[in-house]
Every structure is written in structure tokens, then in C-alpha cells.
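Presented below is the structure to which this report refers.
The values are calculated or read from the model by the stated rules, or taken from the named source; none is laboratory data. Nothing here was measured: the structure is a model prediction, and the numbers come from that model. Glycine gets a Cβ as well: all are built from the backbone with ideal geometry, and neighbour counts include every protein chain shown. Heavy atoms of the whole protein, side chains included, go into the accessibility calculation; ligands, DNA and RNA do not. Shrake-Rupley method; radii C 1.70, N 1.55, O 1.52, S 1.80 Å.
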Amino acid sequence: MPESKPPGTETFVSVLLPLAVEGAYSYLAGENLGALARDELARGDFVRVPLGTREYVGVVWDADAPRPDIAPAKLRSIKTHLDVPPLPSAQLDFLDVLARYNLAQAGMVLRMMLPVEEALYPAAPRKGVQLGSVSADNLPKGFRLTGARERVLAVAEGGLGWNKTVLASEAGVSAGVIDGLISAGMLEDIDLPVGTNVLAPDPAHHKVDLTSAQEIAAAKLRTAIGNGYSATLIDGVTGSGKTEVYFEAIATALEAGQQALVLLPEIALTAQFLNRFEKRFGVKPTEWHSDLTPATRRDIWRNVHRGEVRVVVGARSALFLPFDNLGLIIVDEEHDPAYKQVDRVSYHARDMAVLRGFLGKFPIVLASATPSIETQVNVDRGKYAIVHLPSRFGGQSFPDIRLIDLRENPPERGQWIAPPLVDAMTEVLAAGRQSLLFLNRRGYAPLTLCRKCGHRFVCPDCSSWLVAHRFRKQLQCHHCGLTIPEPRICPSCDHEDTLVACGPGVERIMEEVTQRFPDARTVILSSDLVGSAADMREKFEGIAKGAFDIIVGTQLIAKGHHFPNLNLVGVIDADLGLGHGDLRASERTFQLLHQVVGRAGRESEPGIGYLQTHMTEHPVMQALAAGDGDGFYAQEISARERTAMPPFGRLAGLLVTGRERYQVEDQARRLAATAPHQDGVRVLGPAEAPIGMVRGRHRFRLLVKAQLDFDLQNYLRRWFAVSGPMRGGVRLSVDIDPQSFL
Ligand code: ADP
Ligand code: ZN
């Protein structure tokens, strides 16, 4: 705490604002705060400050900052010191390091940490009810105690105050019953105490008997809790019990009074997860993702900040919640590309979770059946610990994988399912079991063209074909979302009915399925076809219960779900991800296909996976067919090492975009020309990006490749200081550890 200063001495305070700015602004701790409050201002405190003609909420970055270069007369004063606990210091350190590592503006990172400003003001009291003064002995005339009313009273007895809706649903009655009881005086309205509405998970609620391999793994994770920073990979095939095992680590963290965070790559995964969590801990964890209402976000933010929410399960943005007492982060499916965000603030949530654990001095658990090469190498280097779960719970083996060589066994003209796969599906259907066909492409067809004049439907704003969506009768650009009604006349040659769909999307596969198997019960799963989260949940539950025989889906279906009756997985185009030739094409393809096939044979009978490919000799196909994951990883790792690619070297992607192509190219060249020459780093490009235009902005790329021990961020900062800002509406965005090169 700073020492008391004599009156009249200025205290300079730097305050970080949630705006697109690099650093904190200087303020005076004004007289209006009072001498006491001024001295009490501390790093992390929330304050209101003026900027220009507006006022903003910001966070005290330095409560006793050095005198700034501005005349004190020009400095403005802090207006208010908000009456909320400060942003925890580990979270502030996280903000600082994250911004510097990713070359992001600290203010924009703060903005991610303050998604709802109302969370900082006192909560309005909530209305609720409690048992009233009228009891069964002194009922008003004509008022009868029906069964429904009795149930409500019985439930209400158990608590001090109840939210009406919760009480009604617990008692299984309508809201009207509650209102009736209030008019009769048997219940009365009250203000509920703030912040007591989060039920705490119970670590002892339902303990599971672990197998011996699981127990060994769990024991290792339990010891890590409360013992400072560590990172541990749970490496185990799908269905081996990784979730059960990390639940044990969560239980230990809860017993130690800590908060825990579970990151999942997709919200689509959370429904099943929430139920399993509830079974183990008695209550659902708190969910955090971008689809919540502002009021829910406000409440969660507040309750996490106060330490009342104990376990959060969320998308990557949950890392920015103001955990007060975080003691564990789990990153499930740690290899998943969805953990990478490329935006105003670009970051990789898995790597940032590890950073958060390091700064907060607590353990990180990564779980995957197909770890990222980065994580595997960190294990090999001894930076991460590893625990193995070698077999599926219940002893089922991983599905056999067979390759279908499309050169030898092509599907019939205009069809996409090759004969061997059709045969296998027929058998599975006859046996009363389920098949899943996987194609990672939404819509009906990726391209529509005119058979008369060759006209192709492309997006006017993106270098991209328009994808046909037959169910919606539209063509859509998957980059910018532009949609047009399905055309009947070629806009180029005016002929009618000459337009043909080229290539398959999931809708087209479904069309083929219904033609071939007219009696099968089918369902299609694709992010643009499932409506609400509830709709999606219903479909997944239907599949798990065996309400469908054939499932067609995109990667929405690939992850996490448990379908006991699924025996066969057919991959329509196993080569799809290998086309770009990007650094991680093989790795990603291996992970995705392994994961999709892993949906099969999780209970009772062993499953089978069929991969339709034109490249049976490709190392990925060979490794999958031989079940040789170890061999594949060894090969992939040595290839990265040979080429000094990540994680044996460092990369940064620079993307220059703008409306005028010549300007973008010009400034990208100018940028490249100003790159400082230095040992250990090379700047490649500029070159037009593989996707040359998105949303009307032309794109040029540079790639910075450096040795592992090279301070890439420092180099980039020095470079950009020399090159100066982009001009004329051209933008530069920086992506450290890029995952996409498109
Ligand atoms: P993973 O996360 O590795 O895919 P899960 O933890 O989801 O594996 O486990 C797969 C299935 O096996 C789940 O239905 C889970 O409840 C069950 N299971 C795993 N381990 C046990 C156990 N020790 N006792 C009972 N059920 C288990
Ligand atoms: Zn577009």
C-alpha cells in the first residue's frame, strides 16, 4: 500500500480502458475521491474515468504511477472508485502477458474480460417467496390444500427463500399455484438475498469405481492439485474414461475450496457433458459461451468474481472470466482447431490456459485421444507430464479401419457412396444397428455451374464459390454469409434449367441415402440445419436412443458424443483436408478421421470405419488403416523437426487487407522491405493469400519464420515501429503461432 501523502501532493494513477489502445492512460487520483480513497486505490480496482466527452469504466493498472510526460494541469481525475472487489492480480498478469505474447492491444483484452459492465454495479434484489404466516391450521375460508399446493409447501419448507419459477418447477406445478398460495398468505413475497442462487457441486456426490489404469491416472492428477503449476496430458482413446479421470481432479480442487474451469471446443458438446457432470457432482456446472443473454452473462461474471460459481464449463472465452480462486483448468480435446481464435485479439486458448496456470500457479490438464503435435513434443521434452488410458472402458477395441480405394471402387455416376460402403451399410441396417456417414461439407454442393456456358456462381465479395443449400433453396458464401435464392436461369447466358450442382455436401449425401435406403430412419446434422441448442440436443438424444438408422453429418457429429448403437462410420471424402497442403494438413486429417471413426463401437459390438480415398498410399491413410498412431506421430514430428517448423521453430502470420488490391500489395511490399535483417529469422512473402478476397477486402500474406529461441514478439514490435502504420484503410493483423494460412 502506498504511504499516505501530504495533502496537495498529486498521485498519478494509470488506468487501462477497454478500448482499442495499447497501454494505460494517466489520471490524477482526484480530490473528489477523498484522501483515504485515493490512497486505497490499488492495482485491479475498477474505476470510472473521463475520456474525451465520455466516461468509461477501467481498471487501475498502476495505483502509484510515475509522473507522466503531460502537465498535471492537463490530466483529468478519476471520477469514481467502484464498490466491487478488484480484478484478481493473476488475471491482470494474464491480460498483460497474453497481450504481449499475441501482439494484441491490452485494452482489447480487457474488453474481453469485461463483457458486461452492469456486472460491476450492485445487483438489483431479486423477488422471491418464502413460507408465509398462514399455515394449514388457520386456512382462509374456502381455501383447500390440494395435492399441488401441498407439494409446493413441502418443497418451500426446505429453503429460506425461493425463486418462484424454480419453486414451481421443483414442485412440478404451474406458476398459478404459487400465486394462489401467495394470495392465501401461505407464501409471501420477499427480496432474495443476492448471490445465493448458485448450488455448489458436491465432490462426494456420486463416486465412480475407477479401473486400475484410470485410478493411476486420477491419483497423479489429484496430487497435482494445490501443488503449483504443472501441465499433464491425459492420452487415451475415445471412451477410455478421460472425462471420469479429470472429474477426480475437479473433485480434489473443489475439496480444496478452489474453482475449476473446463474448456470444451464446441458448445454442441456441452449438453452431454452437463448431464454427466450432474451425475457425478449432483448439480450442473455453470455454462459460459457466446450464446448467453446479457443478464445471464452479468450474473455469471459476478458469481465467478465472488467465487460463488465453483465450476465453469465453457468455450475459449471462459478463460477471461474474473476467477478469484482458480485452481485447475481442463482443456478437453486439446488438439481441436476451434481453440484458436483469429480476431482483433488472436490467441490459442489451449496455450493461453497453460499460461494462465503458470501465472496462477496451478495445474493444467489437457485431454485428447489424438494430441496435437505441439503437446506431444512438450511431453517428449519433459515440459508436460503424461498419463495413459490405453483401452476403452468395458474393453471394446477401437474400430477396425478399412480403406476404400475410389480409383478401384468408384461410386456410380452422380453418386458418392462406393459399393463396398453401400454393402456394409445394408448389413448394419439389417442387423438393426446404426451407420454414420461423415462429410465435412455443409450444404448440397460446393459449386453450381451452367452446363451451357460454363458460368460458375461465385461470391462477388470473396474468392469463393457459392455453396448450394437445397433444403433452404439458396446459394450461400461460406466466407461472408451472402445468400441468394436458388437460381433457375443462368445469369450469363439466360438459358433456363441448365444449372448443375457439382460435388457433394451432406445434403446431397442424404439425398442418396434416402434413395438407396428408403425405409431407413435418417437424420442429418450440420450446423446450418440444426436450429436451437435444444433442437440439437434432441437430435443427439434421438441418435443415442436408437431413433435413427442412418446419420449423415459434418464435423458437428465428429466430437465427443457417445452413441451406443453406432457400428459403422463411413467417411465420404477422407482426402478433403489434405488438399491445402498446409503445415498441419496431415495432423488434422489424422485427428479428425480418428475421432469420427471413434464414434463407432463404443458399446457391445466392435465397430468398423470405412475411409473413401483416392490416396490409399498416403501416410495418414496408411497409419489409420494400420492403427499405427505412434508411427504417424513419430513420422510427423521428425518431418517438422527436419523443416524447423513448429514446434521446432516459430511462426507468425501477417495478413494485410484492404479494398484496393494494388494498395494492399503495395503496402505489403513496403512492410516486407522494412523488415530488419537479423540472424535466426526470415520473412517470406508477401504473396496473395490462397483466399485472395474476403468480404470485399483483398488479402496478402507474409510469413515470419524464426528459430525456436528467437524473441519473435520483440522483433515484430521493433519492425512495426520502423514500418509505421498502414495507410489508406489498409489493415495489418498479426497472428502468432498461426494455424490457418488461407
Ligand atoms: P473419454 O472421455 O475418454 O471419451 P469417457 O470418460 O467419456 O471417456 O468414458 C466413456 C464411457 O465409459 C462413459 O459413458 C463413461 O461414463 C464410462 N466409464 C468410463 N469409466 C468408467 C468407470 N470407471 N465406471 C463406469 N463407467 C465408466
Ligand atoms: Zn462472400
Quick one: net charge of Ala367's neighbours, Cβ under 12 Å, K/R +1, D/E -1?
-4
On the accessible surface of the chain, probed at 1.4 Å with all protein chains in place, carbon and sulfur together account for a percent value of 51 percent
Estimated dipole of the chain in Debye, rounded to 20 [Cβ of Lys and Arg +1, of Asp and Glu -1, Cα centre]
1460 debye
Positive dipole terminus of the stretch 12-120, leading residue within Leu51, Leu92, Thr80 (C-beta point charges):
Leu51
Of Gly257, Leu359, Met425, which is farthest on the positive side of the dipole of the chain, counting Cα position, with +1 on Lys and Arg Cβ, -1 on Asp and Glu Cβ, and the Cα centre as origin?
Leu359
Principal axis dimensions, largest first and in whole angstrom, of the stretch 61-145 by Cα
79, 35, 17
Size of charge dipole - the stretch 649-736 - debye, nearest 20, with Cβ of Lys, Arg +1 and Asp, Glu -1, no other charges
320 debye
Taking only the alpha-carbon positions of the stretch 649-736 as identical scatterers, the Debye log10 I(q)/I(0) at q = 0.18 Å⁻¹ comes out as -0.72
Over the chain: Rg over Rh, Cα atoms, Kirkwood Rh:
1.00
Using the crude model of +1 on Lys and Arg Cβ and -1 on Asp and Glu Cβ, and no other charge, please compute the dipole size for the stretch 212-389 relative to its Cα centre, in debye to 20.
420 debye
For Lys473, counting only lysines whose alpha-carbon sits under 29 Å away and dropping same-chain residues fewer than eight positions off, the answer is Lys452, Lys539, Lys559
Mean-position separation - Cα centroids, the stretch 664-742 and the stretch 285-353, in angstrom:
30 Å
As a test of reading the structure, rank Arg297, Arg488 by solvent-accessible area (1.4 Å probe, protein chains only), most first.
Arg488, Arg297
With no solvent and one point on each alpha carbon, what is the Debye value of log10 I(q)/I(0) for the stretch 12-120 at q = 0.10, 0.17, 0.19 Å⁻¹?
-0.26, -0.76, -0.96
For Lys79, which lysines qualify as cross-link partners when the Cα separation must be under 26 Å and same-chain residues fewer than eight apart are set aside?
Lys5
With every protein chain kept in the model, how would you rank Arg670, Arg718 by accessible area, 1.4 Å probe, largest at the top?
Arg718, Arg670
D (µm²/s, integer) via Stokes-Einstein for the stretch 263-403, Kirkwood Rh across alpha-carbon pairs, 37 °C, 0.692 mPa s: value 196 µm²/s
Cα pair count fraction exceeding 12 Å, expressed as % - the stretch 598-642:
69 percent
Quickly estimate the mean residue ellipticity at 222 nm for the chain, helices only: each DSSP H run with n ≥ 4 gives -39500 (n - 2.57), and the total goes over all residues, rounded to 500.
-9000 deg cm²/dmol
Among Phe277, Ser463, Ser492 - extreme Cα towards positive end, dipole of the chain, charges at beta-carbon:
Ser492
Given just the C-alpha atoms of the stretch 41-93, how large is their convex hull per residue in cubic angstrom?
94 Å³
Å² of accessible area per residue within the chain, as computed with a 1.4 Å probe and no ligands counted:
44 Å²
Name every cysteine in the chain that ends up alone, with no second cysteine's Cβ under 4.7 Å, or say none.
Cys480, Cys502
Overall form of the stretch 576-679 per C-alpha gyration tensor (a/c, 1.5; a/b vs b/c):
prolate
To two decimal places, what compactness ratio does the stretch 487-591 give when its Cα radius of gyration is scaled by 2.2 N^0.38 Å?
1.34
Whole-Å distance, taken between Cα centres, linking the stretch 530-587 and the stretch 411-445:
13 Å
Grab the other residues whose beta carbon is less than 13 angstrom from that of Glu660, score K and R as +1, D and E as -1, and report the net.
+4
Neighbours of Pro50 by Cβ distance under 9 Å: Lys/Arg at +1, Asp/Glu at -1, summed charge +3
Rounded to whole Å and sorted largest first, list the principal axis extents of the Cα atoms in the stretch 104-149.
68, 21, 12
Is there a pair in Lys361/Lys383; Lys340/Lys383; Lys242/Lys705; Lys220/Lys705 whose C-alpha atoms are over 27 Å apart, and which pairs would that be?
Lys242/Lys705; Lys220/Lys705
Compute the semi-axes of the equivalent ellipsoid of the stretch 437-550, taking the square root of 5 times each eigenvalue of the Cα gyration tensor, and list them largest first in whole Å.
30, 17, 10
Rounded if a/c is under 1.5, else prolate if a/b is larger than b/c, else oblate: which is the stretch 499-540, with a ≥ b ≥ c the root eigenvalues of its Cα gyration tensor?
oblate
For the stretch 126-192, report the % of Cα-Cα distances exceeding 16 Å.
35 percent
The stretch 594-640 versus the stretch 109-184: alpha-carbon centroid distance in Å:
54 Å
